[in-house]
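Structure first, commentary second.
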Amino acid sequence: MFNPVSCTAMAPLQLGIFGAGQLGRMLAQAALPLGIRCVFLDAVNQSPAAALGPVFSPDDMHAFVGQRRLFTLEFENIPLSSIDALPEAATIFPPRAALAITQNRLLEKSTFDALNIPVAPYRAVHCLTDLQNAADQLGLPMVLKTATGGYDGKGQYVVKTAHDIARAWETLGTHGPLIAEGFIHFEREVSVIAVRAQTGDIRYWELAQNHHHQGILSHSVVPAPNIETLTPIAQQYMQQLLEHLNYVGVLTLELFVTPEGLLANEMAPRVHNSGHWTIEGAVCSQFENHIRAVMGLPLGETDLIKPCVMVNIIGQYPKREDILALPAAHLHDYEKEERPGRKLGHITLMPPKSEELPALIKQLIPLLPDALALK
Ligand code: AMP
């Protein structure tokens, strides 16, 4: 018989989260009404999740673990050695093996290959000669990426001409193993987010269409338009991944839409920025369902309530009262210090009549200091 890893009814429900950024904050916000308290491990003490629970330093792993038995993460690049430092009785979801794969773009790509999930053509790059060969074989432009540690477009170099090859190597050559990918002239980018419970039960949210500006997600439109034929394919790729990885929790798969069909770009073993709309826009959010899955609880329904648009607040905050004066705008302030290119919060627009969305977006644009990609 299946025995979910869960807290006993007698013990206070407690969850340890690696990382204390805004994703940890929103996980803890979703956990609270379920009677689940979160604690965090992060090198930064003044982090967004600190309002929701104690943040322990990595030097204080012992206190972070305490009597807790269940752990999860909000940031995939935590060192695997931190997970290995957990006591034997502890369980972490998503599983360690899934993390090891998603921490390395080369392993990730070979996992997609093994499951026949189409990806951009790619080559592993360990030296300048590899890079030159990759340019010959893939053609230019191509995208050179660090295999580990990159996020929000960081650790990437678009090699446009033969002159860029040496410069790209100078820029990224010392950053460990690299991957060169053929440049995909995609029509648009979408993401599929799903959750898998300890029982193997899987739920999918509606696909989001994602718009980036300078490598950072600017906004997500839900549902992504014209995705009737793409949705079952995206969900099938997701199901293959979730089952192959024996995954528990929320997994995100970013996809390019091309004239030839969907190509997988990358996956994130966690709740994802392109799923923030689910807080107001879905019956059960990605955050709540991740908590439910990790804690061995039944999953909630993922149905879309209403079409919506999620807009990131980047670099500089708008005036709170201006945003709240908009009809049907939900503000999420992560309480971070302003810094160019930094995600400080998000706004979900979800008017009662979805025809009102374009007008509402027009009203929002002048209120945001950095809304270039929305214009
Ligand atoms: P990533 O960190 O892999 O998600 O890449 C960040 C962004 O760079 C993606 O959302 C795309 O807009 C763009 N990008 C990444 N890989 C490619 C590629 N092979 N071809 C074209 N654009 C890419």
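The values are calculated or read from the model by the stated rules, or taken from the named source; none is laboratory data. As the structure is a prediction and not an experimental result, all values here were calculated from the model. When we count neighbours, we look across all protein chains shown, and the Cβ atoms used for this are built from the backbone with ideal geometry, even at glycine.
List of remarks:
- Selected residue (criterion: farthest from the ligand (Cβ to nearest atom)) from residues of the range 265-285 that are buried (at least 24 other Cβ atoms within 10 Å of the Cβ) and assigned to a strand (DSSP E or B): Ala282
- When Arg203 is tested against the conditions (1) in contact (Cβ under 8 Å) with a residue 40 or more places away in the chain; (2) within 15 Å of the ligand (Cβ to nearest atom), the lone failure is (2).
- Ile291 fulfils the conditions (1) assigned to a loop (DSSP other than H, G, I, E, B); (2) in contact with a helix residue (DSSP H, G or I) (Cβ under 7 Å, 6 or more places away or on another chain); (3) β-branched (Val, Ile, Thr) except for a single criterion, (1).
- Filtered by the rule that a residue be among the charged types (D, E, K, R), farther than 28 Å from Leu80 by Cα and within 14 Å of the ligand (Cβ to nearest atom), the range 145-191 gives Lys160, Glu187, Arg188, Glu189.
- Unique match (being under 23 Å from the mean Cα position of the chain (by Cα) and either surrounded by 14 or more Cβ atoms within 10 Å (Cβ to Cβ) or assigned by TED's automatic domain parsing to the domain that holds Tyr334 (or both)) among Phe71, Phe64: Phe71
Here is a yes/no grid of residues against (1) under 18 Å from the mean Cα position of the chain (by Cα); (2) under 21 Å from Glu74 (Cβ atoms); (3) in a strand (DSSP E or B); (4) touching a residue at least 40 places away in the same chain (Cβ under 8 Å):
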| position | (1), (2), (3), (4) |
| --- | --- |
| His211 | yes, no, yes, yes |
| Ile227 | no, no, no, no |
| Leu241 | yes, yes, no, yes |
| Thr252 | yes, yes, yes, yes |
| Val257 | no, no, yes, yes |
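- Conditions (1) within 15 Å of Ala293 (Cβ to Cβ); (2) at pLDDT 95 or above: number failed by Val5: (2)
- Output for the range 310-365, where each listed residue is in a loop (DSSP other than H, G, I, E, B) and farther than 18 Å from Gly21 by Cα: Pro318, Lys319, Ala325, Leu326, Pro327, Ala328, Met350, Pro351, Pro352, Lys353
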